[in-house]
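Undergrad: Got a structure for you, questions after.
Values in this text are rule-based calculations from the coordinates and carry no lab data. From a predicted model like this one, the values you see are computed outputs, not experimental measurements. Note: ideal-geometry Cβ built from the backbone for every residue, glycine included; neighbour counts use all protein chains shown.
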Amino acid sequence: MKLSFTYKAIAAALVLSLGFLSCSKLDRDYEPVQVSGLNVIQASPTTELLDVYVDNSRATATDFEFGNKIGYLSAYAGNRIFNVTKKGSATSLKSITHNLKPQVGYSLFVANTLANIELLMLEDDLAKPATGKAKVRFVNLSPDGGSLSLNVGGAATDLVTNKAFKEFSAFEAVDATQSVTLNIKNATSGAIEATIADAKFEDGKIYTIYAKGLKANTGDLGFSAKMFLHSGN
């Protein structure tokens, strides 16, 4: 899905934050550099600070802790190598290669426990929702959370059902609203495992909701849910 002009303008403004592109004057021989948009989300339940690299460029300029998100950043399109390390370390904990399509948005999730850390790359559908609607995707990133469903506003039918760890839904249309309760439910028993109260879905906006943390833990690393807006749509 191609990005909107608004998104491309935002991506261009952010390009220096990764240092992937350099500025140069336009001339008759100039060929536009093909770029992609990249979110990076830290969903690995650990107190360690992490760094994420795209090829040899560090994407995480500030402390990147559990629950943090950065982006959209601009990256060269094409085959890119993604690495996650402990902060300040050159030792890769996990590496993947992914082909980034030009003018397409992606979300890269750091997932699973530190001992079993993984990288999950998802393509983002940034096509603008219909008038009066927003779009929502659900991702299960709780390693011990079991299969989960997403319910919006206590509806009789769950919006997303039965997603195991690292599984995710398509972007689903929902009514724009100033306040709604989001419930993450056990897909088998229907019990509510986590709640986001007073969530806001703005007209024309696009969101990802993800389950994170460990049921075996309490406090900051315990099971919960989080939502983020895909900026630039």
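Undergrad: Between 84, 180, 104, which gets the highest mean-square fluctuation from a Gaussian network model of the chain, Cα cutoff 10 Å?
TA: Looking only at 84, 180, 104, the biggest GNM fluctuation is shown by 180.
Undergrad: Kindly express, to the nearest 10 degrees and within the range 0 to 90, the angle between helix 5-14's C-alpha long axis and the longest C-alpha principal axis of the chain.
TA: Around 70 degrees separate the two axes.
Undergrad: What number results when the radius of gyration of segment 128-233, computed over Cα atoms, is divided by 2.2 N^0.38 Å?
TA: 1.02
Undergrad: Continuing with this model, one more query. Once you have the Cα-Cα distance between residue 87 and residue 56, take 0.36 nm times their residue separation minus that, and quote the gain in nm to one decimal.
TA: Result for the pair: 9.7 nm of gain on full extension.
Undergrad: Would you list, by chain and number, the aspartates and glutamates whose Cα falls below 16 Å from the Cα of residue 212, excluding same-chain residues fewer than 8 positions away?
TA: 48, 65, 118, 144, 167, 193, 220
Undergrad: Cα to Cα, under 19 Å, and not fewer than 8 places away if on the same chain: which lysines meet these conditions relative to residue 87?
TA: Hits, sequence-local ones excluded: 69.
Undergrad: Based solely on its DSSP helices, what 222 nm [θ] is calculated for the chain when runs of n ≥ 4 H residues each add -39,500 (n - 2.57) and the sum is averaged over all residues, nearest 500 deg cm²/dmol?
TA: -1500 deg cm²/dmol
Undergrad: Between residue 130 and residue 49, take the C-beta separation as r, use R0 = 35 Å, and let me know the FRET efficiency to the nearest 0.05.
TA: 0.30
Undergrad: Which of the listed residues, 180, 222, 160, is farthest toward the dipole's positive end in segment 128-233, when Lys, Arg count +1 and Asp, Glu count -1 at the beta-carbon?
TA: Of the candidates, 160 comes out farthest on the positive side.
Undergrad: Among DSSP beta bridges lying fully in segment 128-233, give the percent that are antiparallel, nearest 5.
TA: Just about 75 percent of them are antiparallel.
Undergrad: Connecting C-alpha atoms closer than 10 Å in a GNM of the chain, tell me which of 190, 213, 67 has the biggest fluctuation.
TA: Ranking 190, 213, 67 by mean-square fluctuation puts 190 first.
Undergrad: Please give every one of the lysines within straight-line cross-link reach of residue 215, meaning a C-alpha to C-alpha distance under 19 Å, and leave out same-chain neighbours fewer than 8 residues apart.
TA: 163, 166, 185, 226
Undergrad: Taking every DSSP beta bridge that has both residues in the chain, what percent is antiparallel when rounded to the nearest 5?
TA: 80
Undergrad: Sticking with this structure for a sec: Restricted to Cα positions, what overall size does the chain have along the principal axes? Three whole-Å values, descending.
TA: Its Cα atoms span 62, 45, 24 Å along the three principal axes.
Undergrad: Would you kindly state how much longer the chain becomes between residue 197 and residue 228 on full extension, computed as 0.36 nm times their sequence separation minus their alpha carbon distance, in nm to one decimal?
TA: Between residue 197 and residue 228, full extension yields an extra 9.8 nm.
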